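Have a look at the structure below before the remarks.
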Amino acid sequence: MDAVRDGRWVRQANHFTDRLGPPEPGRYRLYASYACPWAQRVLIVRELLGLQDLLDVAIVDPIRDERGWRVPGGGFLSELYLATDPGFEGRHTVPCVWDVKERRIVTNDFPQITLDLETRWGGTPDLYPKELRDGIDAVNDRLYHGLNNAVYEAGFARSQEAYEDAVGRVFATLDFLEERLTGSEFLFDRLTESDVRAYTTLARFDTVYYAHFKCSVRRLTDYPAVWAYARRLYAIPAFRETTDFDHIKRHYYMTQTTINPNRLVPLGPELDWSL
């Protein structure tokens, strides 16, 4: 389970960490949510690499209650977790990949799933080129600790000190991105895994993280280069078609009742994502 230590929120470890085997039509099913940034990463990469016929997708309901994510056709994601490990305790998270043949969850290790698709299953474009991997890994690490996960650390903090530390990292990382993207189309000289990881947080920033998670020092739209970059990625079908702002807003505001106990879903913000 997620933990709180000295007022600091700590994400639970990924429980299922086997690697994906060779691609086999009909064998693997991805359980994902349009609301979840970690899951959207996999949806984007699946579309970019043209893996739709090799990786089936089941989109869960955006409103998660005490029973967890509701899966298409009835039932809950928790049933798959417990079928794989009857002793599992913790949150039943997306994304996860179910092996239809072996009737088990192979992985819910969200950082590794996209890398496996890119390196074990392949396709074009090459989102994790060998010559850039050291740089991509370094940027990905900075994105995770300073942005992707830091917004959650801010939103779920239980002390002022923990909150301010997390928010400080968020805006230091946005400042870093603004400088890096000024005059650059992508984080590297081409579209890579790092752009996918950055985008899913940026897409949610002004809509939920700014107000709901109190990351309210500046808006995404206050960063000219980062805002242009986010819209540039949104113009790519794999990014745009997996971005569902209705799912995003309803999930965060209606599910996270410790932050929003009345479950009110705010109107706006009115943002033009077109270039």
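The values are calculated or read from the model by the stated rules, or taken from the named source; none is laboratory data. Every value quoted in this text rests on a predicted model; they were computed, and no experiment measured them. Note: ideal-geometry Cβ built from the backbone for every residue, glycine included; neighbour counts use all protein chains shown. These area figures cover heavy atoms from the full protein model, side chains too; ligands, DNA and RNA do not enter into them. Shrake-Rupley method; radii C 1.70, N 1.55, O 1.52, S 1.80 Å.
The three principal axes of the C-alpha atoms in the range 212-259 carry coordinate ranges of 34, 28, 9 Å, sorted with the longest axis first.
Charge dipole (Cα centre; +1 on Lys/Arg Cβ, -1 on Asp/Glu Cβ; no other charges) of the range 204-275 amounts to roughly 200 debye.
Across the range 213-228, the residues whose backbone nitrogen lies under 19 Å from the label position 7 Å along the beta-carbon direction of Glu185 are 225-228.
Ignoring ligands, DNA and RNA, what percent of the accessible area of the range 128-202 is carbon or sulfur (1.4 Å)? Carbon-and-sulfur percentage of accessible area, whole number: 45. Per residue, the range 192-256 exposes an accessible area of 30 Å² to a 1.4 Å probe, with every protein chain left in place.
With a ≥ b ≥ c the root eigenvalues of the C-alpha gyration tensor of the range 34-173, is it rounded (a/c under 1.5), prolate (a/b larger than b/c) or oblate? Cα axes put the range 34-173 in the oblate bin.
If you take all other residues with their beta carbon under 14 Å from the beta carbon of Val170, and give Lys and Arg +1 and Asp and Glu -1, the sum is -1.
For the pair Arg263 and Asp134, a Förster radius of 35 Å applied to the C-beta separation gives a FRET efficiency near 0.20, rounded to the nearest 0.05.
What you get for the range 1-153, charging only the Cβ of Lys and Arg (+1) and of Asp and Glu (-1), is a dipole of about 140 debye around the Cα centre. Normalised by residue number, the volume inside the convex hull of the Cα atoms of the range 129-275 is 109 Å³ per residue.
Ranking Ser184, Trp121, Ala172 by how far each Cα lies toward the positive end of the dipole of the range 35-187 (charges on Cβ) leaves Trp121 at the top.
Here the accessible area is traced with a 1.4 Å probe on the protein chains. For the range 84-126, carbon and sulfur cover 45 percent of it. Separation of the range 18-51 and the range 149-172, taken as the distance between their Cα centroids, equals 29 angstrom. Expressed as a whole percent, how much of the Cα-Cα distance distribution for the range 13-82 exceeds 16 Å? Percent of Cα pairs beyond 16 Å in the range 13-82: 55. Each Lys and Arg Cβ is given +1 and each Asp and Glu Cβ -1; about its Cα centre, the range 127-275 then shows a dipole of about 420 debye. List the lysines whose Cα sits under 18 Å from the Cα of Lys214, skipping any in the same chain fewer than 8 residues away. Reachable lysines: Lys249.
In the context of the full set of protein chains, residues of the range 47-143 present 47 Å² of accessible surface per residue (probe radius 1.4 Å, heavy atoms only). If you run the Gaussian network model on the chain, springs between alpha carbon atoms under 10 Å, then out of Glu241, Glu131, Glu47 the most flexible one is Glu131. Secondary-structure-derived ellipticity at 222 nm for the chain, considering helices only, amounts to -11000 deg cm²/dmol, per-run term -39500 (n - 2.57) for DSSP H runs with n ≥ 4. The residues neighbouring Leu132, those whose beta-carbon lies less than 11 Å from its own, together hold a net charge of -3 under the Lys/Arg +1, Asp/Glu -1 convention. The portion of the accessible surface of the range 223-275 made up by carbon and sulfur, rounded to a whole percent, is 54 (1.4 Å probe; DNA, RNA and ligands excluded).
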